[in-house]
Structure formats: C-alpha cells, structure tokens
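The values are calculated or read from the model by the stated rules, or taken from the named source; none is laboratory data. Given the structure is predicted, the values throughout are model-derived calculations rather than measurements. When we count neighbours, we look across all protein chains shown, and the Cβ atoms used for this are built from the backbone with ideal geometry, even at glycine.
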Amino acid sequence: MSRVYPFDEAATARAVIDDDGTLVEWNEGARRLLGHPAQTVLGRPAARLLAGDGPPAPPTGARWEGTVGLRHRDGRTVPVWLLAHRRPPHDGHGGGWLVVTPLTGDGPPGADDPLAEAGLVQSPCAVAVYDDALRLRRMNDAMADVIGLPRERLRGLRLAEIGGRPDSEELEQGMLRVLTTGQPLDVQTSVHAGGEGRAAHAWLARMAPVRDARGRVRGVCLAAHDITDNHRARQRLQLVNEASVRIGSTLDVTRTAEELAEVCVPALADFVTIDLLDPQDYGGEPPARLSAPVTLRRAAHRSVLDGVPEAVLAPGHTEEYPAGSPQADSMAVGHTIISSVAPGDMLPWLAWGTARGERVRRFGIHSSMSVPIQARGLTLGVAVFTRHRRADPFAADDRLLAEEITTRAAVCIDNARRYSRERDTALTLQRSLLPRTLPRTAALEASSRYLPAARTGVGGDWFDVIPLSGMRVALVVGDVVGHGVEASATMGRLRTAVRTLADIDLAPDELLTHLDDLVVRLSEESGGEGSPGEVGATCLYAVYDPVSRHCTLARAGHPPPVLLRPGERPQLLDLPAGPPLGLGGLPFESAELELPEGTVLALYTDGLVLSRERDGDAGRARLYEVLAGHTASLDETCDRVLHALLPPGGAADDVALLLARTRVLPVSRVTTWDIPADPALVALIRKQAVEQLDTWGLSEAAFTTELVVSELVTNAIRYGAHPIRLRLIHDAATLICEVSDTSPTAPHLRRAKTFDEGGRGLLLVAQLTQRWGSRHTPEGKTIWAELPLYEEDR
C-alpha cells in the first residue's frame, strides 16, 4: 500500500539545470510562476529566462541564493528569490543545479489562524516568554507540564517565584544577563519536574532575547530541553572511567574492596558493603558456584552517612547468610538480584536479621541490589548496594553500571588474591628455608632479621650461622637476583650447598668457587641455551675462630660487612670484591684479620642500605650511626637498624640483616701437645690427656677420650708427616680432640673384613664420638672428633 503525502508539488517552482546550463526539469510550479509550458523550455539554455543584458556569473560553492529578474511568457520581468543547490553526480548521470522558489508567500497568519500560536503552545519543547521585567507572559503546554501548575495562574510571576528553589534563581540570573546583553545563553541545571515528587531531571535551558520590530530587546524566551538520559549516560561513563582508574591501585584485597565501595558511594548508592569468601574454607580456591548458607567476611563498607551507621557487621568479621538472603541468593544463581522493601521482597530476610530490619526502618532503606563478585569463573564474594537518601529505586541502567564496575573490581580482587596467595607461598617457602633460630655457639653471639619487599614480595635474600669444627663458626649472607617462588627456591638450593661445602671445612674463597660452579649450572638449566647469567647471586662467607680470634672472609659481589671494634667507630671492612656468582671462571680472594673480643660484625643485603631516596653510601652512614649508638643488645640493635634505615611503608627490596658479636675461648680451655714420632710414646700422651680431663673435671669422659686420642695419634704417627700436634678444646657441652700433621692425605672411614688386622680405628672413633671429620689447613690437615659431655659427666 503506497503512502500518500499531503504535499502540493505546484506550491514550489522547481527546475533542474545541468552542468551545460540546459534546463532538464520544469515542474508545474515553475509554469505557474513564469507561464512557460515545460515543452517550450526543456532542452534549451536556462539563461534565456534571465532578464537583462547577459547571463550572470555561474554560482560557486554548494549553495546559492539571491533575487534575479526572470522573463514571464507575457514579456514582463518578474523579480524572483531563488535558492540553488549543487547536485552531485548520481547513477552515472552528471551533476547540475536544483533551483527552487516558494509560491505560497501569502504574508503572516491572521489573528484567528490556528497556526498563529501553534509554534508556541503546541510545541513539544517547553517554551516560556518573559517580559522586560522578567515576569511570565506566555508559556506552552509542555512548559506547564514541567512546572506542574496551571499556566493561567502563573502569568505575571518571576521564574524565581515560580520555582522557589536555588536553581530557579540561577536561571533567572541567566535571563537577566540575556536581557541586558541581548546575547543568547545556554545553562544546564537540575530541576524537579512537577508531579514527580523528589525525582529530578537534568535540563538544558536555552535563553534568547525577544526583540520588537525596531530591534529592541523586549523580553526573554526560555526553551527547556530534557537531557536527563544523556546526562545520566555521561555520569555512568564517567563513573566507569573513574572506577577503571581508582580500583586496583594496589595488590591488596582489602584495599581493592575499599576502593570499590568508595567509587560507588554516593554516585550509585547510599550504602555499599563488600563481603568476600575466605578461600581457606574451600581448600584455598573459591568455588565456581555456591549454595546457601554462605559464610562471608566483611572486607569493606561505605556510606553517605558518617560512621557508616547502617552497617551491622564490622570489617574483618564474618557472618553466615542463609537461603533467602540477597547475598546468598545472588551468589547461588550467579547474577544480580534487585529487591525493594515496598513490595515485600525483603521481608523474609529482614525478619531473619532483626538488626538489619531495625536499620532499614531507621534509615528508610527502600531498595537493594546484590551483585556477585565473579572473575575467571570463580565466585569471590558479593557487593550489596542500597539506597535510602535517593528516592529513586535501582533501575536497569543502575544494574548494568553496578555489574560493569563490580566486574572490573572482581578482576582486581582476584589479581590481588592470587598475588597474596603467591606471596604467602613464597614467604612460607622463604621462611622454611631460612633458619628459624640461630645456633648458640661459644664463638659468637648472633641476631638476625629478614623482611620481604613491600611490593615485589619475597626474594632470594638469606643468612645463616653454621657451626664448624674446632669451635669455629661460619657467617653467611647472600642475595639471589629476582623475587618470588623461583628466587626463594634458588636461595634454598644455594643455602643447602653452602652448608654442605661448609661441612667439609672449605676455605671461604674455595667455597665461593664451588658455589659459583653450582650457580653456573643452575643458570644453564634455567636458561635452556647454556648462557651464563640467567641465574645470579651474591654472597659473603666468613669463618671466625674463637681460639685464635682470626676471621677469614671472602665475598662474591656482595656488599662488604661493617666492622665495629670495641671503643672504635664503625667502619666498612675492605675486602676484595670478587665477581657475582654465576659468571664462572673468575677467581675469588679471601682476607684474614684478627678480631678482639666483643667485635660486632654487621652482614646485610643491599636492600637495607639502598632505596629510592638515598644511595648506598648514605645508607651505610646511617647504619654506622645506629651501630655506634646501640650495641648492648644485638636483638634490639637489629630492630633499631631496620626502623632507622627502612621507610615506613617497607623496603623496595627484601632485606636480610645478620649481627654477630665475637667471643674468645679462654686459654684455660685449650691444651696443645707436640707429638714425637715414636709410637711407644702414645701411652704417655694418653696419660697426659686423662690428667688434663681431671683438671677440667671431666673424669667421667676419660675412657672415651683415651680411646679416641690413642687412635688418632697412632694414625698420625703411622701415616702422617711431622710435626704432629694434639689439641683438646673444652666447651660447655663438648670436648673436641684434634690431631694435626703436615700430610695432605685425609683418612677415609671403611669397614674392615673379618681377618683384617687393621681398619677398625676410625669406625671405632665414629661410634664413640658425636661427629668427626677432617679439614685441610695451609700446613696440612687436621683430624677432629667431638665428644658430647652430659650432665652426669660433670
């Protein structure tokens, strides 16, 4: 069925002229205007219709208008106003010009013409006209609907008197500006429309001056356009953009939940709660779907009211939500649930929670929206949005906005949760690989601290105190490059390797050489192409002997220790730097110095002294100040060092600190004999050793000691090289027997066969002592054995 348009084609004179200036179209209106039938003008030059001496210059641009004289069929000249439009080529035809002029210019409508007021009264746009005193003269039906009052009663009132609100006064000030300047003005405002209660709409008020025939400003015309939908769309877009910037600024679950609540109040809701699942309740990983009842922990909440008086649960506390509660139901079904108090949707839930029912009645909560917090197929918790100050309930657009923001926040919460879990795992691994307590030794007193990085988490920093033979002790501090579980695992392997190498009494420089080989192999395994440097580390290894008071140190690219001798200022110990571990093939050098009793050694990783605010020299200077002022208690000194050198928010890198104060074993607890090369004198040596035990009050250990001394001295005379020396060291709980000679050959434990005449000596020593071993010295080797001393022995 064709549609009929109420158009009178003859009411407009229309002609089409091609690019050659030839008339190609001529309608009935053109015939009425000039009297020429179509067949007499089509196909002929249009210039023939022009009155005058010659054709005018062709128009330029896409449009032209003007008054020209045209020839009528009866010979007279008719002045005609023409509007010409440039026509682009279409369907293979050339362009040209469309020329039109109206034929219905009958003058203004009369007073009884219904169209005279239609432009004002029946306009769909709200329009009002104010006189030069800014008093209402006329308004249309649309404006009357906006105001909500009969227009015949409002005539003569000012806008501020009609509205009675501050926004009305602002609009009136704008109208006054238009009246005085004669310039139009646009103002955006929020006005409560009539009949809508407390609901407000956004309006664009367009004000223009009303002029008389002489051009004088006689009033102001105000046209109001409802832009509520556009305004709310911009607000929603702005809120989403703000959420993308503000939510997830940290990798902290609680802070991310707080940011979600902060973004949504008051822009979306008057009161917001964020409740999350405890992953440990579900084996460490939140489930994809849940069923009621659900236990949730309050992560954050926020309100437009100070003190969040609507809340019945404090942050950090848990509550079990039953079936029928918005929280449990939305998490169970996996989508948003909107509830209202008026229809009774929330009555079962409010009846179950009397405290919540009381809050709803007190604050006038009328609408609630529960949005499950879901990310990567997992349900993490629920966000509940409620309104009591805003009168409008939650609508479909509010739901989409809440879901969009909550989805963004859910990803951030899940990232923070995963980071926290990985960080906790790495920290647990790190703590398990570090010594829980430092061993108590007669050689030194030690105290330590380890702090993971504030942002990047745990790394590969470690420390250790390793008891060695002969009452000696090893101090170790190291730093593996990188952070996370891999760095912690590598640290554990290196710490184990150091303990193994220390157990065979390697010198510090030799130990670092073997450790460097291990790091190179680890680098090859992790890099896949055998390129060194994929795994890197630094290390400082020191061995202190309380008998000789000598300390031997070597470092592999690690910061040198700080030395504080009694009565002196702290100083940085000058040690050969050595290359970092993992480069391979480069030598390490050791240094030896004598330390008086009470000397404090501070071993640390670079995270302690380096920061964004200061370099290593400034950090060490601060370390000197703290060590110089506080050394009475090493444990207290560790705390003071960390407090003084680390920023309040934590260090950028993980930190390991080890403080050790040296002790000296009294001369009365050490006895040494030079052994002649005569096996017949072994009995005399045994006798002297027993007499020394009597002097120390260790007679109960004489039998075992006599056997061990006899075996070790006999082996040294038979297989070693002179000179030979026997040394007994008495500790509070241990008796150490050492036999040294200049032969580099070390004995090996073996099990003798039935008819063998020898081979049972070291096996006997191993069974009688707590532990035994050998170590190489610059002069040869030392065979040592430790005998435990029990309470009944003393």
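Go through (1) touching a residue at least 40 places away in the same chain (Cβ under 8 Å); (2) buried (at least 17 other Cβ atoms within 10 Å of the Cβ); (3) assigned to a helix (DSSP H, G or I); (4) not charged (D, E, K, R) for residue 628 and report which single condition fails.
All conditions pass for residue 628, except number (2).
If residue 691 meets every condition in (1) crowded, with 16+ Cβ neighbours inside 10 Å; (2) farther than 19 Å from residue 783 by Cβ apart from one, which number is that one?
(1)
Test of understanding: among 712, 693, 707, 684, which residue is farther than 30 Å from residue 440 by Cβ and part of a helix (DSSP H, G or I)?
684
Of the residues that make up region 645-659, is at least one part of a helix (DSSP H, G or I), within 20 Å of residue 602 (Cβ to Cβ), in contact (Cβ under 8 Å) with a residue 12 or more places away in the chain and touching a strand residue (DSSP E or B) at 6+ places or on another chain (Cβ under 9 Å)? Don't jump to the end; show me each part of the working.
Applying the first criterion (part of a helix (DSSP H, G or I)) to region 645-659 yields 645.
Restricting the remaining residues to those that are within 20 Å of residue 602 (Cβ to Cβ) gives 645.
Subset that is in contact (Cβ under 8 Å) with a residue 12 or more places away in the chain: 645.
Going one step further and asking which of them are touching a strand residue (DSSP E or B) at 6+ places or on another chain (Cβ under 9 Å), we end up with 645.
Yes.
Could you please find all residues in region 364-393 being without any contact (Cβ under 8 Å) to a residue 60 or more places away in the chain, closer than 27 Å to residue 254 by Cα and not polar (S, T, N, Q)?
371, 372, 375, 376
Give region 438-468 a look and list any residue that's crowded, with 23+ Cβ neighbours inside 10 Å and more than 26 Å from residue 507 (Cα to Cα), or say none.
The answer is 452, 457, 458, 459.
Any chance you could count how many residues in region 346-367 are surrounded by fewer than 16 Cβ atoms within 10 Å (Cβ to Cβ) and in contact with a His (Cβ under 6 Å, 6 or more places away or on another chain)?
Count: 1.
Could you check region 305-345 and list, in sequence order, the residues that are surrounded by fewer than 20 Cβ atoms within 10 Å (Cβ to Cβ) and closer than 18 Å to residue 265 by Cβ?
305, 306, 307, 308, 309, 311, 312, 313, 314, 315, listed by residue number.
Hey, residue 438 hits all of (1) part of a loop (DSSP other than H, G, I, E, B); (2) out of contact with any Asp or Glu (no Cβ under 8 Å at 6 or more places or on another chain); (3) in contact (Cβ under 8 Å) with a residue 40 or more places away in the chain; (4) among the hydrophobic types (A, V, I, L, M, F, W, C) but one; which does it fall short on?
The number of the failed condition is (3).
Determine, yes or no, whether residue 508 is in contact (Cβ under 8 Å) with a residue 24 or more places away in the chain, out of contact with any helix residue (DSSP H, G or I) (no Cβ under 6 Å at 6 or more places or on another chain), buried (at least 16 other Cβ atoms within 10 Å of the Cβ) and in the same structural domain as residue 590 (by TED's automatic domain parsing).
Criteria met by residue 508.
Show the residue pairs meeting these rules: Cβ distance below 7 Å; 6+ apart or different chains; first residue within region 298-322 and β-branched (Val, Ile, Thr); second residue assigned to a loop (DSSP other than H, G, I, E, B).
Every condition considered, the pairs that remain are 304/265; 304/266; 304/270; 304/389.
Run down 201, 231 and say which single residue is crowded, with 17+ Cβ neighbours inside 10 Å, farther than 30 Å from residue 453 by Cα and at pLDDT below 85.
201 is the lone residue from the list that is crowded, with 17+ Cβ neighbours inside 10 Å, farther than 30 Å from residue 453 by Cα and at pLDDT below 85.
Residue 426 - would you say it is surrounded by fewer than 18 Cβ atoms within 10 Å (Cβ to Cβ) and either at pLDDT below 90 or not in a helix (DSSP H, G or I) (or both)? Let's see the steps before the verdict.
Values: surrounded by fewer than 18 Cβ atoms within 10 Å (Cβ to Cβ): no; either at pLDDT below 90 or not in a helix (DSSP H, G or I) (or both): yes.
The answer is no for residue 426.
Limited to region 230-273, what total is found for residues that are part of a loop (DSSP other than H, G, I, E, B) and either among the small types (Gly, Ala, Ser) or without any contact (Cβ under 8 Å) to a residue 40 or more places away in the chain (or both)?
The total comes to 5.
Out of everything in region 631-659 that is of a type in the set (Asp, Glu) and crowded, with 17+ Cβ neighbours inside 10 Å, what residue ends up being farthest from the chain's Cα centre (by Cα)? Working first, answer last.
Residues of region 631-659 that are of a type in the set (Asp, Glu), as a first pass: 635-636, 639, 653-654.
Now narrow it down to the ones that are crowded, with 17+ Cβ neighbours inside 10 Å: 653-654.
Numbers: 653: 17, 654: 18 Å.
Among those residues, the one meeting the criterion is 654.
Kindly indicate the residue of region 532-554 that is of a type outside the set (Val, Ile, Thr) and farther than 23 Å from residue 663 by Cα and also modelled with the highest pLDDT among those meeting that condition.
539
Quick one: which residue in 644, 656, 652 is touching a Phe, Trp or Tyr at 6+ places or on another chain (Cβ under 7 Å) and not assigned by TED's automatic domain parsing to the domain that holds residue 712?
Matching residue, one of 644, 656, 652: 656.
Can you tell me how many residues within region 323-378 are under 18 Å from residue 293 (Cβ atoms) and part of a helix (DSSP H, G or I)?
Residues that pass the stated criteria total 16.
Against the definition (under 30 Å from residue 729 (Cβ atoms) and touching a residue at least 60 places away in the same chain (Cβ under 8 Å)), how does residue 583 come out, yes or no?
no
Among all residue pairs at least 6 apart or on different chains, which show Cβ distances below 7 Å where the first residue, located in region 336-351, is in contact (Cβ under 8 Å) with a residue 40 or more places away in the chain and the second is assigned to a loop (DSSP other than H, G, I, E, B) and of a type outside the set (A, V, I, L, M)?
Close Cβ pairs satisfying both conditions: 338/394; 340/366; 340/393.
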